[in-house]
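The values are calculated or read from the model by the stated rules, or taken from the named source; none is laboratory data. Please read these numbers as outputs of a predicted model, since none were measured by experiment. Cβ placement follows ideal geometry from the backbone for every residue including glycine, while neighbour counts extend to all protein chains displayed.
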Amino acid sequence: MDFSLCDRIMKNISRVIVGKDQTIELLLVALLAEGHVLLEDVPGVAKTLLAKSLAKSIGGSFNRVQFTPDLLPADITGFNIYDQKAGCFAFHSGPVSTHVLLADEINRTIPRTQSSLLECMEERQVTVDGQTHPLPAPFFVMATQNPIELEGTFPLPEAQLDRFLLKTRLGYPDRDEEIRIMERFRESDPLEQLNAVVTPDDITKLQQARRGILVSEPVRDYIADMVRATRDHPAVRFGASPRGSLGLMRAAQARATLKGRTYILPDDVKCLACPVLSHRLILKEEERLRGESTDHLIGELIGRIPVPTAAG
């Protein structure tokens, strides 16, 4: 397998997105791990641009859904309509039938519509009127939510949050990056000149290669200790589930793939513990009111849990 494809995708996206290499890497980690990403950030920091750049770079199709309170499940998954000529019902696929789906401001729609994505994200299929329709491969959801506007929002339930492999944010650019953004977009939009550097089939092969990445026993123990520690922490009401353990392992395999390795290092686990686990924890109410954050808690666990000395 040509692992240089990953580097090619990252460099291509960086032609459009300035100074966010770590976020781009996390996006590719989720893609190769066959997971999905929740991006929580303020408006105007290039969330949509990032999703479009990823779709173009992998030669995949792209759809964007603006989530609003009146959005219905059929507006996402598709619906059956009666074809008078054929004398039967025909399925009209919704925007979810794509390689990269941007679920914009996902917390602005009602829980019923939010939950319509669960089957799509977990099983890569949609079921309408008892008929199941497979989604394209690869299938990747990048959902966004605005952390500052609470009016008219419906917080994602724990079951929905748990379906996202990782949660991250872009953040504001620093001064030099902001100047580079203005210069890069001064005369034209670089996204318009962006070409595919791989194909969707290449991504599928990379996903298959990721599954073969070695996870040694010491690293498995390290992941288990990390996840179990979230359940035993006195500040936590509910810790990460076994889905969190699997997610952390798969994400670490994907990061090893990006780095061109055939095995996981403990550093892979440490780098991904916060984005993979923090959104899966529910703090006790008193700890939340004190200003405790799950990010800080995961950082504390990383510093406390012994790191294995041999990885593979």
query: Out of the stretch 245-285, which residues are in contact with a Phe, Trp or Tyr (Cβ under 6 Å, 6 or more places away or on another chain) and under 21 Å from residue 203 (Cα atoms)?
result: 260
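So, residue 227, is that one in contact with a strand residue (DSSP E or B) (Cβ under 9 Å, 6 or more places away or on another chain) and assigned to a helix (DSSP H, G or I) or not? Please lay out each step first, then the result.
Values: in contact with a strand residue (DSSP E or B) (Cβ under 9 Å, 6 or more places away or on another chain): no; assigned to a helix (DSSP H, G or I): yes.
No.
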message: One residue is enough: does the stretch 154-164 have a residue meeting the conditions closer than 24 Å to residue 79 by Cβ, surrounded by 19 or more Cβ atoms within 10 Å (Cβ to Cβ), aromatic (Phe, Trp, Tyr) and at pLDDT 80 or above?
response: no
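Among the residues of the stretch 119-142, is there at least one that is of a type in the set (D, E, K, R) and within 19 Å of residue 48 (Cβ to Cβ)? So that I can check it myself, show each step before the final result.
Of the stretch 119-142, the ones of a type in the set (D, E, K, R) are 119, 122-124, 129.
Within this subset, residues satisfying the condition of being within 19 Å of residue 48 (Cβ to Cβ) are none.
The answer is no, given that none of the residues of the stretch 119-142 is of a type in the set (D, E, K, R) and within 19 Å of residue 48 (Cβ to Cβ).
If you take just the helices (runs of 4 or more DSSP H) that sit entirely in the stretch 260-312, which of them hold at least 2 residues that are under 20 Å from the mean Cα position of the chain (by Cα)? Give the steps one after another, and end with the answer.
On the way: elements: 266-277, 285-289, 294-304.
The qualifying helices (runs of 4 or more DSSP H) are 266-277, 294-304.
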- prompt: Is at least one residue of the stretch 30-43 in contact with a strand residue (DSSP E or B) (Cβ under 8 Å, 6 or more places away or on another chain) and modelled with pLDDT under 90?
  reply: yes
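Take the residues of the stretch 165-188 that are under 23 Å from residue 143 (Cα atoms) and out of contact with any Gly (no Cβ under 8 Å at 6 or more places or on another chain): which is surrounded by the fewest Cβ atoms within 10 Å (Cβ to Cβ)? Full working, then the answer.
Pass one, the stretch 165-188, residues under 23 Å from residue 143 (Cα atoms): 165-173.
Okay, now just the ones that are also out of contact with any Gly (no Cβ under 8 Å at 6 or more places or on another chain), so 167-172.
On the way: 167: 22, 168: 22, 169: 16, 170: 21, 171: 13, 172: 11.
Taking the candidates together, the pick is 172.
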statement: Flagged pairs (Cβ under 9 angstrom, 6 or more apart or on separate chains; first in the stretch 175-186, more than 13 Å from residue 46 (Cα to Cα); second part of a helix (DSSP H, G or I)) are 184/190
- prompt: Would you say residue 312 is assigned by TED's automatic domain parsing to the domain that holds residue 236 and either at pLDDT below 90 or closer than 16 Å to residue 233 by Cβ (or both)?
  reply: no
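Within the group 53, 93, which residue is touching a strand residue (DSSP E or B) at 6+ places or on another chain (Cβ under 8 Å) and of a type in the set (Ser, Thr, Tyr)?
Details: 53 fails: touching a strand residue (DSSP E or B) at 6+ places or on another chain (Cβ under 8 Å).
The unique qualifying residue is 93.
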task: Give the residues of the stretch 27-47 that are in a helix (DSSP H, G or I) and within 14 Å of residue 141 (Cβ to Cβ), sorted by residue number.
output: 27, 30, 31, 47
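Residues that are closer than 22 Å to residue 56 by Cα, over 16 Å from the mean Cα position of the chain (by Cα) and of a type outside the set (Lys, Arg): does the stretch 147-156 have at least one?
no
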task: Please determine, by comparing only the residues of the stretch 218-245 that are polar (S, T, N, Q) and within 12 Å of residue 281 (Cα to Cα), which one is nearest to the chain's Cα centre (by Cα).
output: 241
task: Could you tell me which numbered condition residue 114 fails, if it satisfies all but one of (1) in contact with a Gly (Cβ under 7 Å, 6 or more places away or on another chain); (2) closer than 23 Å to residue 275 by Cβ; (3) of a type outside the set (A, V, I, L, M)?
output: (1)
